[in-house]
Amino acid sequence: LCHHLNLLEKDYFGIRFVDPDKQRHWLEFTKSVVKQMRAQPPFTMCFRVKFYPTDPAALKEEITRYLVFLQIKRDLYHGRLLCKTSDAALLAAYILQAEIGDYDPGKHPEGYSSKFQFFPKHSEKLERKIAEIHKSELSGQTPATSELNFLRKAQTLETYGVDPHPCKDVSGNAAFLAFTPFGFVVLQGNKRVHFIKWNEVTKMKFEGKTFYLYVSQKEEKKIVLTYFAPTPEACKHLWKCGIENQAFYKLEKSSQVRTVSSSNLFFKGSRFRYSGRVAKEVMESSAKIKREPPEIHRAGLVPSRSCPSITHGPRLSSVPRTRRRAVHISIMEGLESLRDSAHSTPVRSSSHGDALAGPGSGERVAVIADESYSPADSVLPTPVAEHSLELLLLARQANGAPCSIEEEKESEAGTPAAEEGELRALCPGTAGLGPPQAQQVNKFLLSVLRLLLVTVGLLFVLLLLLIVLTESDLDTAFFRDIRQTPEFEQFHYQYFCPLRRWFACKLRAVVNLLIDT
């Protein structure tokens, strides 16, 4: 996909999908798609930013900045990027300048900014502020300049790069955990209650639904933060995201990446290893890019010749000729949806905020405080709740906006029957149990089997070492010291030699019996 888009700084992006249990996953490029996606076709995937750049304005190529700009626009629209009203107005004005250009009284009548949906919730005062900044402060800025200024401003906000994971703390209070380019963040309500830098995070692990974060701060102060995810799968996804983000932002080289286990016991738990380059290596590689930037086509604007092309990337040489057109159309429809559905939604419906906020919150939706713009109620959870997804789609249809590839739809098909058959074949006694119980029994049997295999492997290694010590002619210092000990000599002459003679006698008897017959 990045090859088709002519995107070289591809390490910041990833592909995400939702399994039949409505749990989100990042597609691992070291594994086949068939092994990762349990849903039935058609498959729905989302191309989006996975690792937010530490300094998005420092990205080498404009196509990379443009795609990051589209992603942060969506974060602002979905309420993930919290900011004050003044900052919200400035960000929206940058978006307006990038999409429609300079203010023109003949084309932009009074209240023109209200026709665009920048945030989950609007107020007339905020819309007037957006139009005022657009008219007076941003005139003459090109789309590329407006997008660059937008990125610079967004990067200074506390919730920049937040991809929230819903959890509960030890007191049962709802919270959102997130990993940013600068560290680990905990959000409760509209406030950031914890921020821990990556160099202070010493370990992350999970057991079932429980996620543990080990922190070592100044003065040798050690803290363990504990949170509870909705499901074990959500907790594992949270753990894997944390391992990947810490490796990407903290390490100096990808050679320093190590395989991480979720448990202290080597035969228990999940093992995961981040595969890819780290942020420092990506920046060094980007600095070496030297090519003539092709065109990039923005919606409703004259194409800029100074930026790369999305619509005219290299050909899909690996795709059969009969399918290239269909693949190209699919990719372009996804990009158009990603670009147009975020903030270029004309004619905003008043019921949109009500649908997102839920019943009983009508007064809170209608009022936005002057001090801060905090649309945390609209943060999309992980995994996607079925009812919230339906409300979101209904709200988009009411506004006349197309549904984008960011809203990954869960597959209608359930767990394949073949997997259930494999589960029953592995655990014959679980036929009468429900799926959760059968899954727990299956995990227990796999743990026992793993322990037995490890034990047999250790015994086999000890046997090989014993044979080398007693039968080989290797005269190394290590073997010589062991052979000269009284305990080894006693074992060799009193136990090993008689046992070897007994085996040899039995073997000769079996061979003679076979020859006679």
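The values are calculated or read from the model by the stated rules, or taken from the named source; none is laboratory data. Note that the structure is predicted; figures quoted are calculated from it, not measured. So basically every Cβ, Gly included, is an ideal-geometry build from the backbone, and we count neighbours across all protein chains shown. Keep in mind that these areas ignore ligands, DNA and RNA; they rest on the heavy atoms of the full protein, side chains included. Shrake-Rupley method; radii C 1.70, N 1.55, O 1.52, S 1.80 Å.
Yes or no, residue by residue, for (1) buried (at least 22 other Cβ atoms within 10 Å of the Cβ); (2) of a type outside the set (A, V, I, L, M, F, W, C):
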position: Ile63; (1), (2): yes, no
position: Tyr66; (1), (2): yes, yes
position: Ile72; (1), (2): yes, no
position: Cys83; (1), (2): yes, no
position: Ile95; (1), (2): yes, no
position: Gly101; (1), (2): no, yes
position: Pro109; (1), (2): no, yes
position: Glu127; (1), (2): no, yes
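The C-beta contact set for the range 456-473 (first residue part of a helix (DSSP H, G or I), second residue open to solvent by less than 80 Å² (accessible area, probe 1.4 Å) and basic (Lys, Arg), distance under 8 angstrom, 6+ apart or interchain) comprises Leu469/Arg483.
The range 124-235 holds strands (runs of 3 or more DSSP E) entirely within its bounds, and those carrying 1 or more residues that are touching a residue at least 12 places away in the same chain (Cβ under 8 Å) and within 18 Å of the chain's Cα centre (by Cα) map to 165-168, 174-180, 183-188, 201-207, 210-217. Criterion first (open to solvent by less than 60 Å² (accessible area, probe 1.4 Å) and outside any loop (DSSP other than H, G, I, E, B)) does Gly242 satisfy it? Taking the combined requirement at face value, the residue satisfies it. Scanning the range 26-54 for residues that are over 30 Å from Leu148 (Cα atoms), under 15 Å from the mean Cα position of the chain (by Cα) and outside any loop (DSSP other than H, G, I, E, B) turns up just one, Gln36.
All conditions but one from (1) over 30 Å from Glu207 (Cα atoms); (2) open to solvent by 80 Å² or more (accessible area, probe 1.4 Å); (3) at pLDDT 80 or above; (4) not polar (S, T, N, Q) apply to Ala509; the one that does not is (2).
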